[in-house]
Amino acid sequence: MAILPAIGALTGSITAHRPIDSSYPGEAQLARVSARGESHGVGKRTMSAAVPLDGDVTYVEPATLGLLKRRVPGQSVMEELLDVHGTEDTRGLLARVFGVRPLAPDSRPWYWGALGERAVGRTLASLGPEWTVLHAVPVGEKSSDIDHVVIGPTGIFTINTKRHPGQNVWTAKGTFLVAGTRYPYIRNSEHEATRAGRLLSAAVLNSVSVSAAIVVVGARQVTVKEKHRSVSVVRENQLLRWLTRRPVMYTEQQLALLSAAAAQPSTWRRTAPVLRDPADVVGPFDALHRLEDQARRRRIGWLLAVPAAFVASAAGVLPPF
């Protein structure tokens, strides 16, 4: 029988119905699967039925099955960066010798954002097989995305990554300050989790709650003066403990249904997003990252070389300038 591999050979008596979008490949038809695994006709467009999360049967959407699971950490911001900057190094010879950065100032926020999301992605990769982690999930009808959606025994989470290397971060309730400057991170993360909960609830036809977290990467200090009621602020090295040391909320069957729904692009958008092959994004970004790192090392080299030359000249090792 053809059902979602994430669900497995579940048995029971509940038939799950889900609104479908014919603009998505593979969603023109929705098979109804009974407890015995038999197809009982085809549902078109909208079917209404109350399906509890412990229902044993799910829907079939073969062409879009698990597409979001292929996306890599930071993929959306890497795509934005490459679209704006391109893949060619346009610096001249002298610029390269003196370590001028290949990225223009208006492109750097995407670069820094990608580095932060990739760092958090490496941390999330340590979660066990009972966890589902989705990266750079396109949501809404514009270019918005959720950095990371995490689904596991202890709940459903939206993770918002913020990279602020060497900065002091201070937060209390709805306030988030970086080096004394206020940012709307708390409000945005709360909205993101609320929207994710609404969309997932519609996908599984049952109310689910989503918790929000802001993960701060590279900060010198993070001070949580007073916790927000619905958004947690943690450092990168605190994330796994924050996720796993919570009460268990979902069974294995419930997780299978939630994970399968979350991995469908149509859960998050009414119109199909353009999903690029990660290989077409990661390779060019890594090449750009190497150029940025090379330029940084050359700048450091020049900063160290000039004072050293003055010292050597004063000591008579080198002729005076």
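Nothing in this text is a laboratory measurement; each read-out follows from the coordinates by a stated rule. Treat the numbers as computed from the prediction; the structure is a model and nothing was measured. Note that we place each Cβ from the backbone using ideal geometry, even for glycine, and neighbour counts take in every protein chain shown.
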Next item on the list: Only loop residues by DSSP count here, and only those with at most 16 other Cβ atoms within 10 Å; note down the GluC sites (Glu not before Pro) in segment 104-190 that meet that.
Entry: Glu130, Glu141
Notebook entry, point to check: Of Val210, Val169, Val248, which is farthest on the positive side of the dipole of segment 159-248, counting Cα position, with +1 on Lys and Arg Cβ, -1 on Asp and Glu Cβ, and the Cα centre as origin?
Noted result: Val169
Check: Once you treat every alpha carbon in segment 66-266 as an equal point and sum by Debye, what is log10 I(q)/I(0) at q = 0.08, 0.09, 0.13 Å⁻¹?
Finding: -0.29, -0.37, -0.74
Check: What is the extension gain from Arg290 to Asp83, computed as 0.36 nm multiplied by their sequence separation minus the C-alpha to C-alpha distance, in nm to one decimal?
Finding: 72.7 nm
Margin query: Taking 30 Å as R0, compute the FRET efficiency from the Cβ-Cβ separation of Val248 and Arg187 and round it to 0.05.
Written below: 0.50
Note to self: What's the ranking of 236-247, 152-163 by average number of surrounding C-beta atoms within 10 Å, highest first?
What the structure shows: 152-163, 236-247
